[in-house]
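S.K.: Got a structure here, written out as structure tokens. Questions coming.
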Amino acid sequence: MKYLKILFFLFAIQISAQQGGMWIPSLLEGMNETEMQNLGSKMTAQDIYDVNNASLKDAIIHFNGGCTGEIISDRGLILTNHHCGYGAIQSHSTVEHDYLKEGFWAFNDAEELPNPGMYVTFIKRIDDVTDAIFKNVTSSMTVKEKQVKIDQNIAAVKKKAVKEEWQEVKVKGFYNGNQYLLFVLENYTDIRMVGAPPTSIGKFGSDTDNWMWPRHTGDFSLFRIYADKNNRPAKFSKENVPFKPKHFLPISLDGVAEEDFTLVFGFPGRTDEYLPAVAIEQTVKKVNPAKINIRENYLKIVDEYMRADDKIKIQYASKYASIANYWKKWIGENQGIEKSKAIAKKQKLESDFQKKVQSNSEYNHLLSDFSKLYNELEDVALARAYWTEVIYRNIELLRATFRLYQFEEKVTANPASFEAERNKLINSSKGNYKNYSARVDRDVFEKLIEIYATEIPATYLSNKLKNVNYTDLTNAIYTKSKLTNLEGFNFLLTGNQEEVLSKLNADPAYVLGKDLSNDFYKKINSKFHEINLQIQDVQKVYMKALMETFPKERFFPDANSTLRVTYGKVKGYYPKDGIYYKPVSYLKGVMEKYKPGDYEFDVDQKLIGLYNAKDFGVYGEKGKMPVNFLGTNHTTGGNSGSPAIDAHGNLIGLNFDRVWEGTMSDYNYDPEICRNIMVDARYILFIVDKYAGNKRLINEMKLVHPKKNK
Ligand code: ARG
Ligand code: ASP
């Protein structure tokens with residue numbers, strides 16, 4: 001018996017040393033539950049996910065489709081990241097009332113600001129529907145036939161699902177399409193802005209510190225869900241009332257120490273942990289460098305304008321942040337893949353795999369299929385990266401022409417939709433022009449169109465961009481096109497269908513954009529998808545084959561924007577030989593980084609005053625104010641705003657980033673160096689209470705002492 005215990009203990013150490021994984025909350029019973037408890041959790045699988053009773057999952061929301069948020073009061077108060085609320089904070093800001101710069105705090109419900117278009121999603125139920133989705137899908141079918149059947153089955157399953165009339169259903173594939181789960185969701189759309197610290201706190205360190213440790217950012221903002229009088233989702237209305245959640249997270253005042261259990265609960269967007277080495281090689285050697293180069297050029301141009309002009313600074317704040325974010329991530333990812341020898345590791349796994357499946361005719365050709373297909377994909381993958389980055393992502397004028405192209409296609413196919421499509425376009429364009437500067441965009445165009453034309457594989461280059469002088473082209477387009485301002489845009493869209501289309505087709509930006517859009521649909525994207533469909537089919541079999549071939553390994557499904565649990569510990573790391581990074585940072589570090597008047601490292605006078613007076617209230621710890629901490633939770637983009645939860649189900653932190661050495665975790669999670677970064681919940685409370693003086697928000701939260709009550 002004693003031996004058994006020791007053995008079990010060793011086994012537990014073995015698996016907990018090897019964390020990683022984003023697990024499905026409805027399937028935690030068994031291995032995950034045991035593992036969490038071995039790490040110190042006092043919760044059961046049911047405390048985390050339960051269909052019939054309130055559980056942690058009822059406090060977790062998908063925030064506006066991209067981030068995560070959590071409910072922290074019985075009045076529907078949402079906590080998420082500052083960078084997740086950024087677009088909203090920006091949209092309420094003007095040069096006179098700059099909430100990005102000054103922060104924003106509502107001192108009563110009436111001051112909370114509505115955000116048209118914003119929504120949050122609760123997961124009500126998760127069901128396994130794999131069998132129904134694979135019904136009548138046979139191995140003799142072609143890839144396309146299988147997909148058609150699967151799509152039909154998905155539609156049928158969705159139709160049959162039991163749900164309330166205001167709820168929605170989604171079906172998603174897991175393990176590269178080897179398992180299917182159905183989600184019943186509720187979307188709330190009356191979401192109001194409640195609080196945001198100034199950028200000097202919420203985005204302290206900005207792009208220089210982004211993806212880095214040590215970190216000192218108060219990356220949080222507060223929103224509130226409003227519902228109708230029956231607590232159901234409703235459009236914005238003055239009659240709506242604060243939402244009553246089934247569960248909300250109490251907040252621990254006891255803080256964290258190294259080795260404490262942490263659970264991060266949220267909506268990770270995408271990982272690719274089971275790609276073959278050839279795919280990673282393509283990403284690292286071809287696609288990432290192309291995208292990094294394009295963005296680097298964009299950022300250089302826009303940064304200069306933003307530093308020189310306050311209006312442009314507000315207009316471009318959100319766009320700049322999002323372009324800079326992945327630019328920096330890809331650089332870190334490439335370095336990390338190289339340093340961790342991820343490709344060689346995959347190759348080793350593949351050679352072991354190949355030996356084991358040599359005589360299995362279903363599996364023994366998979367790796368060579370991959371090689372062949374990725375080889376075929378390379379040029380078109382690169383072309384697609386150039387197209388999406390340059391034409392769609394970074395040159396706004398061309399992005400506008402792409403939307404207009406889709407508009408022309410739609411109304412030509414269906415003239416009856418003309419009025420509706422035109423209105424949609426006009427409505428969605430207003431906001432774009434509000435944040436548009438033709439001067440900035442012109443310079444971006446000149447630089448990036450040249451990169452595009454010189455670098456894109458030749459077969460994919462439009463004739464209109466061959467042998468041209470880029471400066472002349474740029475001048476011709478930006479002086480003559482009507483699309484460089486809202487008035488011109490509206491002018492082009494005024495009149496009947498024939499008039500509108502003929503005006504559009506005479507506009508020089510549209511003429512170029514239409515040609516490029518045609519390239520995209522007819523040459524680039526179609527080919528990309530055709531090859532990709534085959535790759536997905538091989539990947540699906542490969543995933544299954546890996547699980548069968550290595551039954552002792554742990555396989556978690558790649559992230560796919562569905563609700564997941566990842567657990568770990570508060571823990572530092574060794575970024576390189578001889579250096580150990582401690583897992584907690586303090587306000588002292590903010591002061592060490594302080595550069596008066598700096599764009600990234602300025603510190604607010606009020607915060608300096610609180611620091612000097614050590615006025616940390618009940619939130620400090622032995623005379624120090626903790627700011628951020630590290631954990632071994634396996635997270636990715638989309639996990640921003642996710643709660644970090646302690647062993648008892650209380651909020652201890654707010655996830656917002658990962659460390660530089662570990663950004664390759666989307667392809668190769670390495671528990672030694674992959675860390676997620678969280679804001680300490682006590683820092684959030686300190687800012688709301690001591691800095692903003694907003695007692696009403698503190699009063700509606702539930703602050704607890706789980707460690708002291710033990
Ligand atoms: N890197 C974090 C995440 O991927 C935070 C990004 C926001 N901050 C920024 N400086 N762009 O989203
Ligand atoms: N910062 C990311 C987010 O916005 C999180 C991450 O990639 O670690 O979701």
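S.K.: From (1) free of Cβ contacts under 8 Å to residues at least 40 places away in the same chain; (2) out of contact with any helix residue (DSSP H, G or I) (no Cβ under 6 Å at 6 or more places or on another chain), pick out the condition that doesn't hold for Val590.
M.R.: Result: Val590 passes all but (1).
S.K.: Please give the number of the condition Lys300 fails out of (1) away from ligand 2 (no atom under 16 Å from the Cβ); (2) under 19 Å from Ala88 (Cα atoms); (3) of a type in the set (D, E, K, R).
M.R.: Of (1) away from ligand 2 (no atom under 16 Å from the Cβ); (2) under 19 Å from Ala88 (Cα atoms); (3) of a type in the set (D, E, K, R), only one is false for Lys300: (2).
S.K.: Return the residues of region 97-124 that are acidic (Asp, Glu) and either more than 30 Å from Trp166 (Cα to Cα) or surrounded by fewer than 16 Cβ atoms within 10 Å (Cβ to Cβ) (or both); say none if nothing qualifies.
M.R.: Correct list: Asp98, Glu102, Asp109, Glu111.
S.K.: Residues that are assigned to a loop (DSSP other than H, G, I, E, B), within 16 Å of ligand 1 (Cβ to nearest atom) and open to solvent by 10 Å² or more (accessible area, probe 1.4 Å): does region 601-608 have at least one? Before you say what the answer is, go through the steps one by one.
M.R.: Initial filter on region 601-608 (assigned to a loop (DSSP other than H, G, I, E, B)): 601-604.
Checking the rest, the ones that are also within 16 Å of ligand 1 (Cβ to nearest atom) come to 601-602.
Narrowing further to those that are open to solvent by 10 Å² or more (accessible area, probe 1.4 Å): 601-602.
Taking every residue of region 601-608 in turn, at least one turns out to be assigned to a loop (DSSP other than H, G, I, E, B), within 16 Å of ligand 1 (Cβ to nearest atom) and open to solvent by 10 Å² or more (accessible area, probe 1.4 Å).
S.K.: Right, something else. Applying the selection to region 314-334, what residues are among the hydrophobic types (A, V, I, L, M, F, W, C), touching a Phe, Trp or Tyr at 6+ places or on another chain (Cβ under 8 Å) and within 8 Å of ligand 1 (Cβ to nearest atom)?
M.R.: Across region 314-334, the qualifying residue is only Ala321.
S.K.: Then there's this: When you scan region 467-481, do you find a residue that is over 33 Å from the mean Cα position of the chain (by Cα), surrounded by 16 or more Cβ atoms within 10 Å (Cβ to Cβ) and of a type in the set (Gly, Ala, Ser), even just one?
M.R.: Checked region 467-481: at least one residue is over 33 Å from the mean Cα position of the chain (by Cα), surrounded by 16 or more Cβ atoms within 10 Å (Cβ to Cβ) and of a type in the set (Gly, Ala, Ser).
S.K.: Kindly indicate the residue of region 633-650 that is crowded, with 24+ Cβ neighbours inside 10 Å and more than 14 Å from ligand 1 (Cβ to nearest atom) and also farthest from Leu703 (Cα to Cα) among those meeting that condition.
M.R.: The extreme case among them is His634.
S.K.: Name the pairs whose Cβ atoms lie under 7 Å apart, with the first residue in region 321-335 and over 19 Å from Arg675 (Cβ atoms), the second near ligand 1 (Cβ under 10 Å from one of its atoms), and 6 or more positions between them or separate chains?
M.R.: Sorted first by the residue in region 321-335, then by its partner, the pairs are Ala321/His83; Ala321/Tyr86; Ala324/Asp207.
S.K.: How many of the residues in region 381-420 are more than 25 Å from Ala476 (Cα to Cα) and out of contact with any Asp or Glu (no Cβ under 9 Å at 6 or more places or on another chain)?
M.R.: Total satisfying the criteria: 12.
S.K.: Under the condition of being surrounded by 19 or more Cβ atoms within 10 Å (Cβ to Cβ) and charged (D, E, K, R), which residue from region 320-348 is nearest to ligand 2 (Cβ to nearest atom)?
M.R.: Looking at residues that are surrounded by 19 or more Cβ atoms within 10 Å (Cβ to Cβ) and charged (D, E, K, R), I get Lys329.
S.K.: Is it the case that Ser221 is away from ligand 2 (no atom under 16 Å from the Cβ), open to solvent by less than 30 Å² (accessible area, probe 1.4 Å) and under 30 Å from Asn187 (Cα atoms)?
M.R.: Here the answer is no, as Ser221 does not meet what is asked.
S.K.: Note down all Cβ pairs under 7 Å where the first residue falls in region 601-628 and is β-branched (Val, Ile, Thr), the second is open to solvent by 20 Å² or more (accessible area, probe 1.4 Å) and assigned to a strand (DSSP E or B), and they're at least six residues apart or on different chains.
M.R.: Listed pairs, sorted by first residue: Val627/Tyr586.
S.K.: Related question: So which of Lys622, Lys582, Lys614, Lys588 is surrounded by fewer than 17 Cβ atoms within 10 Å (Cβ to Cβ), away from ligand 1 (no atom under 16 Å from the Cβ) and within 28 Å of the chain's Cα centre (by Cα)?
M.R.: Sole residue among the options that is surrounded by fewer than 17 Cβ atoms within 10 Å (Cβ to Cβ), away from ligand 1 (no atom under 16 Å from the Cβ) and within 28 Å of the chain's Cα centre (by Cα): Lys582.
S.K.: Another one. Please list, ordered by first then second residue, the pairs with beta carbon atoms under 8 Å, 6 or more apart or interchain, first in region 41-65 and at positive phi, second buried (at least 21 other Cβ atoms within 10 Å of the Cβ) and in a helix (DSSP H, G or I).
M.R.: Asn64/Cys84
S.K.: For region 155-270, please list each of the strands (runs of 3 or more DSSP E) lying entirely inside it that holds at least 3 residues being closer than 28 Å to Ser585 by Cβ and touching a residue at least 24 places away in the same chain (Cβ under 8 Å).
M.R.: Values: elements: 168-174, 179-188, 190-196, 221-227, 261-266.
Qualifying strands (runs of 3 or more DSSP E): 190-196, 221-227, 261-266.
S.K.: When the residues of region 651-682 are narrowed to those that are more than 10 Å from ligand 2 (Cβ to nearest atom) and of a type in the set (Asp, Glu), which ends up least open to solvent (accessible area, probe 1.4 Å)?
M.R.: Among them, the one singled out is Asp680.
S.K.: Among all residue pairs at least 6 apart or on different chains, which show Cβ distances below 7 Å where the first residue, located in region 693-709, is open to solvent by less than 40 Å² (accessible area, probe 1.4 Å) and the second is small (Gly, Ala, Ser) and at pLDDT 95 or above?
M.R.: From region 693-709, the pairs are Asn694/Gly195; Leu697/Gly195; Glu700/Ser73; Met701/Ser73; Val704/Ser252; Pro706/Ser252.
S.K.: When you scan region 397-410, do you find a residue that is small (Gly, Ala, Ser) and surrounded by fewer than 20 Cβ atoms within 10 Å (Cβ to Cβ), even just one?
M.R.: So far as region 397-410 goes, no, none of its residues is small (Gly, Ala, Ser) and surrounded by fewer than 20 Cβ atoms within 10 Å (Cβ to Cβ).
S.K.: What is the residue count in region 81-108 for residues that are polar (S, T, N, Q), over 17 Å from Lys319 (Cβ atoms) and more than 16 Å from ligand 2 (Cβ to nearest atom)?
M.R.: Residues in region 81-108 being polar (S, T, N, Q), over 17 Å from Lys319 (Cβ atoms) and more than 16 Å from ligand 2 (Cβ to nearest atom): 2 in total.
S.K.: Kindly list the number of the only condition in (1) closer than 26 Å to Asn64 by Cα; (2) surrounded by 18 or more Cβ atoms within 10 Å (Cβ to Cβ); (3) of a type in the set (A, V, I, L, M) that fails for Val162.
M.R.: Every condition holds for Val162 apart from (2).
S.K.: So if I check each of Lys291, Lys355, which one is within 24 Å of the chain's Cα centre (by Cα), in a helix (DSSP H, G or I) and either over 21 Å from Asp272 (Cα atoms) or modelled with pLDDT of 95 or more (or both)?
M.R.: The unique qualifying residue is Lys291.
S.K.: Could you tell me whether Lys571 is in contact with a strand residue (DSSP E or B) (Cβ under 9 Å, 6 or more places away or on another chain), touching a residue at least 60 places away in the same chain (Cβ under 8 Å), open to solvent by 40 Å² or more (accessible area, probe 1.4 Å) and farther than 30 Å from Ile456 by Cα?
M.R.: yes
S.K.: With Tyr374, Tyr363 as the choices, which residue is in contact (Cβ under 8 Å) with a residue 60 or more places away in the chain and farther than 28 Å from Ala290 by Cβ?
M.R.: Tyr363
S.K.: Taking the residues in region 59-80 that are small (Gly, Ala, Ser) and more than 16 Å from ligand 1 (Cβ to nearest atom) as candidates, determine which candidate is farthest from Ala681 (Cα to Cα).
M.R.: Within region 59-80, the subset small (Gly, Ala, Ser) is 59, 65-66, 69, 73, 76.
Those still in the list that are more than 16 Å from ligand 1 (Cβ to nearest atom) too: 59, 73, 76.
Working: Ala59: 16, Ser73: 14, Gly76: 18 Å.
Top of the filtered list is Gly76.
S.K.: Residues to consider are Ile72, Ile78; find the one that is within 16 Å of ligand 2 (Cβ to nearest atom), aliphatic (A, V, I, L, M), buried (at least 21 other Cβ atoms within 10 Å of the Cβ) and within 17 Å of Gly195 (Cβ to Cβ).
M.R.: So the residue among Ile72, Ile78 that is within 16 Å of ligand 2 (Cβ to nearest atom), aliphatic (A, V, I, L, M), buried (at least 21 other Cβ atoms within 10 Å of the Cβ) and within 17 Å of Gly195 (Cβ to Cβ) is Ile78.
S.K.: Take the residues in region 293-316 that are in contact (Cβ under 8 Å) with a residue 40 or more places away in the chain and closer than 24 Å to Ala385 by Cα; name whichever of them is most open to solvent (accessible area, probe 1.4 Å).
M.R.: If we take residues in region 293-316 being in contact (Cβ under 8 Å) with a residue 40 or more places away in the chain and closer than 24 Å to Ala385 by Cα, then Asn293 is most open to solvent (accessible area, probe 1.4 Å).
The values are calculated or read from the model by the stated rules, or taken from the named source; none is laboratory data. This one's a predicted model, so the numbers in the text were calculated from it and none came from an experiment. Using ideal geometry, Cβ is built from the backbone for each residue, glycine included, and neighbour counts are taken over all protein chains shown. Ligands, DNA and RNA are stripped out before the accessible areas are found, and what is left, the full protein with its side chains, is counted by its heavy atoms. Shrake-Rupley method; radii C 1.70, N 1.55, O 1.52, S 1.80 Å.
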